[in-house]
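As structure tokens, the structure follows; a few thoughts come after it.
The values are calculated or read from the model by the stated rules, or taken from the named source; none is laboratory data. These figures come from a predicted structure and were not determined experimentally. Reconstructed Cβ throughout: ideal geometry from the backbone, glycine too, with neighbour counts over all protein chains shown. Surface accessibility is based on the protein's heavy atoms, side chains included, excluding ligands, DNA and RNA. Shrake-Rupley method; radii C 1.70, N 1.55, O 1.52, S 1.80 Å.
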Amino acid sequence: MELRQLQYVLEVAKHKSFSKAAQTLYVSQSNISQQINALEAELGVALFKRDHHTVRITPDGVIFCDYAGKILDLVSKIEKDLKPESNEEQAFINLGIYPFFQYMGKAKIIRAFQRENPNVIFCSEIIDVDDANQSLKNDNIDFAFLKLRPEDCQSENEYILLNETQQVVMISKKHPLASKEKLGAKELSQLPLLTGKSGTYLHEVMKRVYFERDAELKLVPFMNSFNVHLMMDMVAEGDGITFATEDIACILEDRGIVGIPVDPPVPFNVYLVYSKKKKLTEVQKNFRDYIAAAYGVKK
């Protein structure tokens, strides 16, 4: 039994989802599944009941989580008591991050900042643009890494442009249209679309792209999720298309997927965002400037 297995079980129990736990911990879903399967085999009990749509904790899982939480608390206390005293108090930075964030290498920059500032603890969550705007307004998060169309930037927030990109159609390499250089209204109208949750920013942007091109929107009726691993598997198998950005498309090409630009183009940039009303601490200012410098942005 390993400490990481305890942490994995607690995160899956918290989110009731293997994929959400993987996103929170920045590890692969398969790794979490393998570790929990190995733990269940070692214990001889099932900690979770799984089906295609839900994950439910078992009575044995409830007991295990109670012990696991106590064990991890004790480990944390041991580390705290044995570490040399520091004059620096711990500082927390709360982040909202966009889906696909784990593919883009920004986590490495955050870890580099943390190595230079070991007193800083990051708390992060996958978040939609609309939820991020509300959380920034309510001061529930300090910063958000967001992808959005430039015209959707809001006046009450400060936006640091990290990189410019554009939306592309993610389509299976096996599809007859995969060889096209661009996809316009005619092609989009032929393809079933996999979208995120209804009412979210990304869902509405996809609908807007179709409306602006007078294309017929054909949604895949059984898909309404931001489980990016599942969506990409479905795209690779030819069950539909979805939208991402060209930088992500390059990373996912080895999964049997190709990204084709939309005609006309749809700019979709990456920003570090914070509220203009927020009084940043010195640590938060340092983080903002560190991220900006990592992307060559002059402040």
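This table checks each residue for (1) at pLDDT below 90; (2) surrounded by 14 or more Cβ atoms within 10 Å (Cβ to Cβ); (3) in contact with a helix residue (DSSP H, G or I) (Cβ under 8 Å, 6 or more places away or on another chain); (4) not in a strand (DSSP E or B).
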| residue | (1), (2), (3), (4) |
| --- | --- |
| GLN34 | yes, no, no, yes |
| GLU42 | no, no, no, yes |
| GLY61 | no, yes, yes, yes |
| ASP66 | no, no, no, yes |
| ILE78 | yes, no, no, yes |
| GLU85 | yes, no, no, yes |
Filter segment 176-199 for residues that are open to solvent by 50 Å² or more (accessible area, probe 1.4 Å) and of a type in the set (Ser, Thr, Tyr); which is farthest from VAL262 (Cα to Cα)? SER198
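Can ALA46 be described as touching an Asp or Glu at 6+ places or on another chain (Cβ under 8 Å) and assigned to a loop (DSSP other than H, G, I, E, B)?
On the way: touching an Asp or Glu at 6+ places or on another chain (Cβ under 8 Å): yes; assigned to a loop (DSSP other than H, G, I, E, B): yes.
Yes: the conditions hold for ALA46.
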Among the residues of segment 44-55, the number that are closer than 20 Å to HIS229 by Cβ and open to solvent by 40 Å² or more (accessible area, probe 1.4 Å) is 5
Consider TYR210 against the criteria (1) farther than 17 Å from THR165 by Cβ; (2) loosely packed, with under 15 Cβ neighbours inside 10 Å: it satisfies all of them except one. Which criterion is unmet? (2)
Please go through segment 4-23 and pick out each residue that is in contact (Cβ under 8 Å) with a residue 24 or more places away in the chain, more than 13 Å from ILE126 (Cα to Cα), basic (Lys, Arg) and part of a helix (DSSP H, G or I). ARG4
Being open to solvent by 10 Å² or more (accessible area, probe 1.4 Å), closer than 19 Å to ALA236 by Cβ, at pLDDT below 95 and in contact with a strand residue (DSSP E or B) (Cβ under 7 Å, 6 or more places away or on another chain): is that true of LYS173 here? yes
Filter pass, GLU204 being exposed (fewer than 13 other Cβ atoms within 10 Å of the Cβ), farther than 20 Å from ALA249 by Cβ and out of contact with any Cys (no Cβ under 9 Å at 6 or more places or on another chain): no
If SER172 passes every condition in (1) more than 30 Å from LYS285 (Cβ to Cβ); (2) in contact with a Phe, Trp or Tyr (Cβ under 8 Å, 6 or more places away or on another chain); (3) of a type in the set (S, T, N, Q) but one, which one does it miss? (2)
Among what's in segment 87-101 and is among the polar types (S, T, N, Q) and within 20 Å of ASP142 (Cα to Cα), pick the residue that is modelled with the lowest pLDDT. GLN90
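Test THR24 against the stated conditions and say whether it is among the β-branched types (Val, Ile, Thr) and surrounded by fewer than 16 Cβ atoms within 10 Å (Cβ to Cβ).
Values: among the β-branched types (Val, Ile, Thr): yes; surrounded by fewer than 16 Cβ atoms within 10 Å (Cβ to Cβ): no.
Against the criterion (among the β-branched types (Val, Ile, Thr) and surrounded by fewer than 16 Cβ atoms within 10 Å (Cβ to Cβ)), THR24 does not qualify.
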Being aromatic (Phe, Trp, Tyr), at pLDDT below 85, surrounded by fewer than 17 Cβ atoms within 10 Å (Cβ to Cβ) and under 25 Å from the mean Cα position of the chain (by Cα), is that true of even one residue in segment 102-111? yes
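The rows are residues; the columns are (1) touching a Ser or Thr at 6+ places or on another chain (Cβ under 8 Å); (2) part of a loop (DSSP other than H, G, I, E, B); (3) loosely packed, with under 15 Cβ neighbours inside 10 Å.
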residue	(1), (2), (3)
ARG115	no, no, yes
PHE122	no, no, no
ALA132	no, no, no
SER135	no, no, no
PHE145	no, no, no
GLU151	no, no, yes
SER155	no, yes, yes
TYR159	no, no, no
Among residues belonging to segment 240-268 that are in contact with a Ser or Thr (Cβ under 7 Å, 6 or more places away or on another chain) and surrounded by fewer than 19 Cβ atoms within 10 Å (Cβ to Cβ), point out the one that is nearest to HIS203 (Cα to Cα). GLU246
Within segment 275-299, restricting attention to residues that are outside any helix (DSSP H, G or I) and β-branched (Val, Ile, Thr), which residue is modelled with the lowest pLDDT? VAL297
Any residue in segment 152-166 that's over 11 Å from PRO267 (Cβ atoms) and at pLDDT 95 or above: show its pairings with residues that are among the small types (Gly, Ala, Ser) and in a strand (DSSP E or B) at Cβ separation under 8 Å, as long as the two are six or more apart or on different chains. GLU156/SER275; ASN157/SER275; GLU158/SER275
